[in-house]
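Peer 1: I am attaching a structure below and will ask some questions about it afterwards.
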Amino acid sequence: MASKNSKSNAPMSEAEMLASYRVMKTIREFEWRMIKEFEAGNIPGFIHSYDGQEAIATGVCRNLTDSDFIGSTHRGHGHCIAKGCAVPDMMKEIMARSTGLCNGKGGSMHIADFSKGMLGANAIVGGAPPLCVGAALTAKSKNTGAVSVSFTGDGASNQGTVFESMNLAVVLQLPAIFVYENNGYGEATSAAYAVGSKDIAGRAAAFGMPAVKVDGADFFAVHAVAKEAVDRGRNGGGPTAIEASITRFGGHFVGDPQLYRVDGEVETYREELNCLKNFIDRVCTEKWLTLKSLKIIDSEILKLLDAAVIGALAAPHPKPEDLFENVYKSY
Amino acid sequence: MPIKTIREVIGETLSAEMRRDHDVFLMGEDVAGGAGCSGEDDAFGGAFGTYKGMVGEFGRGRVIDTPISESAFIGAAGGAAATGMRPVVDLMFVDFIGVCFDQIFNQMAKFRYMFGGKSEAPVVILAMVGAGLRAGAQHSQMLHPMLTAVPGLKVVMPSNAYDTKGLLTSAIRDNDPVIVLLHKLLFEASCEVPDEDYQIPFGEAAFTRQGNDVTIVALSSMVHKANAVADKLAAQGIAADVIDPRTTSPLDEEAILESVEVSGRLVVVDEANERCSLAADISSLVADRGFSSLRSGIKKVTAPHTPVPFAPVLEDQYIPSEADIEAAVMAVLKP
């Protein structure tokens, strides 16, 4: 993509870089705010933080439009934000308010916004890939040129549903993209233990589709491989798999003491695998963006989140009669 | 009026709906058959030849043969439905639901509720149920009780060709996921079926026999046995209501309660295993809301709490018989 800034050799326009930064930073600040609100008792149930994996959702979704589809995981806040879900409406949903994105019926693990092509966070590990293949089938049947992206983790990469979905996508040559976010842990078990072949992309390639590995802490690298996959899907080239390596800054769930990780592991990763730090270093060193322009975005995000929390806490709870709403269209 | 079998009306109805609405398509294992093979195309047309000829009319883009991957294609039906299509998927034997149940009860059944009414999954899943073909423990079950128990799913169990056409048409035009369970012993059952399309609404039972002395509720193939018993008893001066609920979710509770209010006596016949069966469900409904009408205890006629056996002598013993139904009726009629 040609840059609007003639002085730079940037891989994308200044506006696109600023927009991407805004998404990544919004996700991180959102997740940090989630922890605070969770600890304050403002969030029922439990939540799973996307803190650290921002470049993957953002790098992929910046290549998509509202007509494209994504399916997500239990760790889905980042995918929602990257696909364009309104942060205030997400906040209300996670706080179980009737004006939330799903009227308070979904919660953290079931946020969806079909108007944005966001087909739902999914609390079943490996639950979304078959659905994403179906959305890709819709795109192919209706010849819309849309693609359908299934975000899953290293844990889901071992599920039979995922294998079946990859095979069906290859057999029917569907515009599906399987994004594996290998954050090193499925709950409290290492991917090095649970992924028998130690090679998620290699396993995907064996199903008969192009499969690439990418550094999940490098936004620009993720964006580039995702663009190639999206172009392939749009042009009738069938499915692609992407394995993005990253770590999990937090535990499996917020409150997980992470006894299975050695002391200092997360701190080291926060330095070495920090996609936001990497992004800022890169764009400032290359002089593609100024730190000042990023700081302005930072302050806007904090204001957005403050307002979202205030709005959500003031929003109404569902009414008793809502219990019976929307089980069926008619019954 | 033409006489048609259930097998004939399935293909006829589906084809008519696919001509009417281009978002409707058929997907499953060997719904055409012959994909990638050196021999005949459309070799199967579904396991029982139900869809024969459809791939010729609609092409492989709308009659889609899948790998033997139920989770993937049943789940893909949910995803396609949520994004604007109206898939009809053939699971073949309902026993195969075990490998893909997550995509049914956790995914498509919950979309509308979990996403605040902003999503829906207009999927039809066709599956064969029932014992009697010596098909053994993994190809002979009913399984409608566990499907009926899932909020968000609708469950349809036609007992004749006329109802099959009307209910299947309604299922395809319905905006919720619908499971249509077809008894394999009924595929060649025939009756008068009009050529033009019509719908039968869900939750409306049919009275296949009418009488004031006893109420017999029966499902699927058991309706025919209940009718035979009712006809036999009629000759002895005993008049039975035979109620075919036709759909177990929604269930026409009022039809059953109103009949029992008159007869005061209830026999429920269900080929499912006894525990948590529709027979148990309907018995509890009447005990709860129609107790004052009852003039005797309720009798259930069901399969025993065993897997379906292979040996013909055992399978015949397993399946509720006309003699079992008659004995139950006589028991509730005892003063």
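The values are calculated or read from the model by the stated rules, or taken from the named source; none is laboratory data. Note that the structure is predicted; figures quoted are calculated from it, not measured. Positions of Cβ are backbone-derived with ideal geometry, glycine not excepted, and every protein chain shown enters the neighbour counts. Side chains are part of the model used for accessible areas, which takes the heavy atoms of the whole protein and leaves out ligands, DNA and RNA. Shrake-Rupley method; radii C 1.70, N 1.55, O 1.52, S 1.80 Å.
Peer 1: Given the conditions (1) under 23 Å from B:F115 (Cα atoms); (2) surrounded by 24 or more Cβ atoms within 10 Å (Cβ to Cβ); (3) touching a helix residue (DSSP H, G or I) at 6+ places or on another chain (Cβ under 8 Å), which single one is not true for A:G59?
Peer 2: Failed condition: (1).
Peer 1: Could you list all residues from the stretch A:293-318 that are more than 30 Å from B:T248 (Cβ to Cβ) and either more than 27 Å from the chain's Cα centre (by Cα) or within 14 Å of chain B (Cβ to nearest Cβ) (or both)?
Peer 2: A:A314, A:A315, A:P316, A:H317 - these are the residues of the stretch A:293-318 that are more than 30 Å from B:T248 (Cβ to Cβ) and either more than 27 Å from the chain's Cα centre (by Cα) or within 14 Å of chain B (Cβ to nearest Cβ) (or both).
Peer 1: For the stretch B:23-32, state whether one or more residues are open to solvent by 20 Å² or more (accessible area, probe 1.4 Å), without any contact (Cβ under 8 Å) to a residue 12 or more places away in the chain and more than 23 Å from B:L185 (Cα to Cα).
Peer 2: Scanning the stretch B:23-32 turns up no residue that is open to solvent by 20 Å² or more (accessible area, probe 1.4 Å), without any contact (Cβ under 8 Å) to a residue 12 or more places away in the chain and more than 23 Å from B:L185 (Cα to Cα).
Peer 1: Those residues that are closer than 21 Å to A:I310 by Cβ, surrounded by 24 or more Cβ atoms within 10 Å (Cβ to Cβ), of a type in the set (G, A, S) and within 16 Å of the chain's Cα centre (by Cα), I need them from the stretch A:81-113; list them, please.
Peer 2: Selection gives A:S108 alone.
Peer 1: So A:K140 ticks every box in (1) open to solvent by less than 30 Å² (accessible area, probe 1.4 Å); (2) under 27 Å from B:R60 (Cα atoms) but one. Which box is left unticked?
Peer 2: It fails just one condition, (1).
Peer 1: Ok, one more. Among the residues that make up the stretch A:193-212, is at least one of them at pLDDT 95 or above and within 14 Å of another protein chain (Cβ to nearest Cβ)?
Peer 2: Yes, the stretch A:193-212 contains a residue that is at pLDDT 95 or above and within 14 Å of another protein chain (Cβ to nearest Cβ).
Peer 1: A further question on this structure: What number of residues within the stretch B:137-161 are among the aliphatic types (A, V, I, L, M) and over 29 Å from B:A311 (Cα atoms)?
Peer 2: Summing the residues that are among the aliphatic types (A, V, I, L, M) and over 29 Å from B:A311 (Cα atoms) in the stretch B:137-161 gives 6.
Peer 1: Sticking with this structure for a sec: Of everything in the stretch A:46-56, what is open to solvent by less than 10 Å² (accessible area, probe 1.4 Å) and among the hydrophobic types (A, V, I, L, M, F, W, C)? Give them in sequence order.
Peer 2: A:I47, A:A55, A:I56
Peer 1: Quick check on the stretch B:82-101: of everything there that is more than 7 Å from chain A (Cβ to nearest Cβ) and open to solvent by less than 20 Å² (accessible area, probe 1.4 Å), which residue is nearest to the chain's Cα centre (by Cα)?
Peer 2: B:V94
Peer 1: Quick one: is B:S159 hydroxyl-bearing (S, T, Y) and buried (at least 23 other Cβ atoms within 10 Å of the Cβ)?
Peer 2: The answer is yes for B:S159.
Peer 1: Scan the stretch B:320-335 residue by residue and report those that are open to solvent by less than 20 Å² (accessible area, probe 1.4 Å) and assigned to a loop (DSSP other than H, G, I, E, B).
Peer 2: B:P320
Peer 1: Does B:V129 qualify as being more than 9 Å from chain A (Cβ to nearest Cβ), under 25 Å from B:L14 (Cβ atoms), β-branched (V, I, T) and open to solvent by less than 10 Å² (accessible area, probe 1.4 Å)?
Peer 2: yes
Peer 1: Return the residue satisfying two criteria in turn: it lies in the stretch A:106-123 and is without any contact (Cβ under 8 Å) to a residue 40 or more places away in the chain and within 8 Å of chain B (Cβ to nearest Cβ), and of such residues it is farthest from A:G238 (Cα to Cα).
Peer 2: Looking at residues that are without any contact (Cβ under 8 Å) to a residue 40 or more places away in the chain and within 8 Å of chain B (Cβ to nearest Cβ), I get A:G106.
Peer 1: Out of curiosity, is B:V150 closer than 26 Å to A:E325 by Cβ and open to solvent by less than 10 Å² (accessible area, probe 1.4 Å)?
Peer 2: Judged against the criteria, B:V150 is not a match.
Peer 1: Of all residues in the stretch B:45-81, which are within 7 Å of another protein chain (Cβ to nearest Cβ) and among the aromatic types (F, W, Y)?
Peer 2: The answer is B:F73, and nothing else.
Peer 1: While we're here: Right, A:T65: more than 8 Å from chain B (Cβ to nearest Cβ), open to solvent by 10 Å² or more (accessible area, probe 1.4 Å), of a type in the set (S, T, N, Q) and farther than 18 Å from A:E37 by Cβ or not?
Peer 2: Yes; evaluated as a whole, the condition is true for this residue.
Peer 1: Next question. May I ask you to list the residues in the stretch B:171-196 that are open to solvent by 10 Å² or more (accessible area, probe 1.4 Å), outside any loop (DSSP other than H, G, I, E, B) and within 14 Å of another protein chain (Cβ to nearest Cβ)?
Peer 2: B:R173
Conditions tested, residue by residue: (1) part of a loop (DSSP other than H, G, I, E, B); (2) at pLDDT below 95; (3) aliphatic (A, V, I, L, M).
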site: B:P122; (1), (2), (3): yes, no, no
site: B:I125; (1), (2), (3): no, no, yes
site: B:R134; (1), (2), (3): yes, no, no
site: B:L147; (1), (2), (3): no, no, yes
site: B:G166; (1), (2), (3): no, no, no
site: B:T169; (1), (2), (3): no, no, no
site: B:Y198; (1), (2), (3): yes, no, no
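Peer 1: Now a separate question. Mind checking which helices (runs of 4 or more DSSP H) fall wholly inside the stretch B:1-108 and carry at least 2 residues that are within 25 Å of B:P145 (Cβ to Cβ) and of a type in the set (A, V, I, L, M, F, W, C)?
Peer 2: B:6-20, B:70-82
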